[in-house]
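The next block holds one structure in the form of structure tokens; read it before the comments.
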Amino acid sequence: MKIHINQLEEGCILAKDILSASNKVLAYKKTIVTEHIKHALKAFLVNEVHVENLLEDGRGFLPSGIQKEASNEEKEKVELTPVKTFHQLYNHAVMERKQLFTGWQSGTQIEIAKVRQIILPLISELKHQEGEILKLYQYCKKEDYLSHHSVSVALLSAFLAKRLGYDQGEINQIAITGLLCDCGMARISPVILTKKVTLTEREYLDLKQHPVHSYNLLKSIMSLKEGVKMGVLQHHERMDGSGYPLGVKGDQAHPYSKIVALADTYQAMVSERPYRSKQSPFKVLEQIMQHDFGRFELNAVNELKKAVIKFSAGTKVKLSNGLKAEIVFVDEQFPTRPIVKIEKTGDITSLKDKKELYIQEIF
């Protein structure tokens, strides 16, 4: 019988082994649950368990002769670690991706199993932390921009894919596409990658080859789906044909690439980079909806807009004039120009009527 972890009580007997996200055994079948074990399972973010010998009221019982207290050996099977925040899990994924990228630069082949281990547990946690999706740019550090960018693109791509109705299997594949879309940067000169001023024309042309390099690194990996490879190759293509490296447009681009293209552009614009300051999600969304209209898949843009609306009410922001404010209402027709309450004066201001003002930062 499967129950939620909150229903689990001392004395329940586990009917199946419980594994962590990395397939490490946390507790074995037939283990008698103690308070120690229950806390440990919660620490590892286990949500449901299979138990046996339950009474109708949900309380566990033990056959006669079995001691309720678990043995020391059973206790040692569960290692207690503190519950990590989403930010901590995210930073761990970034550092893991950075380590992989260093290996790719030195010629190490890409191991898809390791890529999955980095991003899939974080995708699972995102289900319970969707409000974090607009805060990812705040975690970014410009000295580790590439690693932050890859993880953020993977997370936003997964979020958009879910909103667009993809099943979990494809959501995972789209997230992997996002994480790998810049793996070809490992074939670009580190001088270009770390440059703190605008690139020369020649350097920019070299940089624009990274989707091709990424595809070449992945094309022979049999365990990787073709959709992921095409998504990686085409993530800089645009719906109107203005992208690169092939200049394909509309339905010529793989559906995965259309999602990752938006996530990649959005995260690049909101994040702090070696040669450019970060911008607020509101300002970036406004640019995507107006100046870049027709370049991105409209359904994906609409889902991003809905996310901004959903997670905005009550958000503390800093305006372009330096004043701090709180968002009190978001009009669906003007999602990037909400009504805000100025913190210092309590005045209510509609940014729709104040074209010179925009949201510079969210807290």
Report summary line: Note on the range 210-229: residues in a loop (DSSP other than H, G, I, E, B) and either in contact (Cβ under 8 Å) with a residue 60 or more places away in the chain or loosely packed, with under 15 Cβ neighbours inside 10 Å (or both) are LYS219, SER220, ILE221, MET222, SER223, LEU224
Report task. Given the conditions (1) out of contact with any Phe, Trp or Tyr (no Cβ under 7 Å at 6 or more places or on another chain); (2) assigned to a helix (DSSP H, G or I), report the number of the one that LEU199 does not fulfil. Result -> (2)
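Quick one: which of THR102, THR85 is among the polar types (S, T, N, Q) and modelled with pLDDT under 85?
Values: THR102 fails: modelled with pLDDT under 85.
Residue meeting the stated conditions: THR85.
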Report summary line: For GLN360, the lone unmet condition from (1) in contact (Cβ under 8 Å) with a residue 60 or more places away in the chain; (2) polar (S, T, N, Q); (3) part of a helix (DSSP H, G or I) is (3)
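Results for (1) touching a residue at least 24 places away in the same chain (Cβ under 8 Å); (2) of a type in the set (A, V, I, L, M, F, W, C), shown as yes or no for each residue.
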{"position": "GLU203", "(1), (2)": "no, no"}
{"position": "GLN234", "(1), (2)": "yes, no"}
{"position": "GLY241", "(1), (2)": "no, no"}
{"position": "LEU246", "(1), (2)": "no, yes"}
Report summary line: Taking the range 304-315 and keeping only residues that are at pLDDT 90 or above and either surrounded by fewer than 19 Cβ atoms within 10 Å (Cβ to Cβ) or over 25 Å from ASP264 (Cβ atoms) (or both), one is left with LYS305, LYS306
Report summary line: How many residues of the range 230-280 are within 29 Å of ILE362 (Cα to Cα) and small (Gly, Ala, Ser)? The answer is 7
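Step by step: first the residues of the range 142-170, then only those that are of a type in the set (A, V, I, L, M, F, W, C) and farther than 24 Å from TYR244 by Cβ, then the one that is farthest from the chain's Cα centre (by Cα). Which residue is that?
Looking only at the range 142-170, we keep the residues that are of a type in the set (A, V, I, L, M, F, W, C), and these are 146, 151, 153-156, 158-161, 164.
After this cut, where a residue has to be farther than 24 Å from TYR244 by Cβ as well, the list is 155, 158-159, 164.
Numbers: LEU155: 2, ALA158: 7, PHE159: 7, LEU164: 16 Å.
Applying the filter and picking the extreme gives LEU164.
When the residues of the range 171-191 are filtered to those that are in a loop (DSSP other than H, G, I, E, B) and farther than 18 Å from ILE118 by Cβ, which remaining residue is farthest from the chain's Cα centre (by Cα)? Talk me through it step by step, then tell me what you get.
If we filter the range 171-191 for residues that are in a loop (DSSP other than H, G, I, E, B), which is where we start, we get 181-182, 188-189.
With the extra rule that they be farther than 18 Å from ILE118 by Cβ, the set shrinks to 188-189.
Working: ILE188: 25, SER189: 27 Å.
For the range 171-191, the residue satisfying everything is SER189.
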Query raised in the report: In the range 307-354, which residues are among the aromatic types (Phe, Trp, Tyr) and within 17 Å of LYS135 (Cα to Cα)?
Result: PHE311
Query raised in the report: Any chance the range 188-201 includes a residue that's farther than 20 Å from SER271 by Cβ and of a type in the set (Ser, Thr, Tyr)?
Result: yes
Requested in this report: Would you check if there is a residue in the range 287-303 being assigned to a helix (DSSP H, G or I), at pLDDT below 90 and either farther than 27 Å from ASP251 by Cβ or not assigned by TED's automatic domain parsing to the domain that holds SER257 (or both)?
Outcome: yes
Report summary line: Screening THR345, THR336 for residues that are of a type in the set (Ser, Thr, Tyr), part of a loop (DSSP other than H, G, I, E, B) and without any contact (Cβ under 8 Å) to a residue 24 or more places away in the chain leaves only THR345
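The values are calculated or read from the model by the stated rules, or taken from the named source; none is laboratory data. Because the structure is predicted, anything quoted here is derived from the model rather than measured. Glycine gets a Cβ as well: all are built from the backbone with ideal geometry, and neighbour counts include every protein chain shown.
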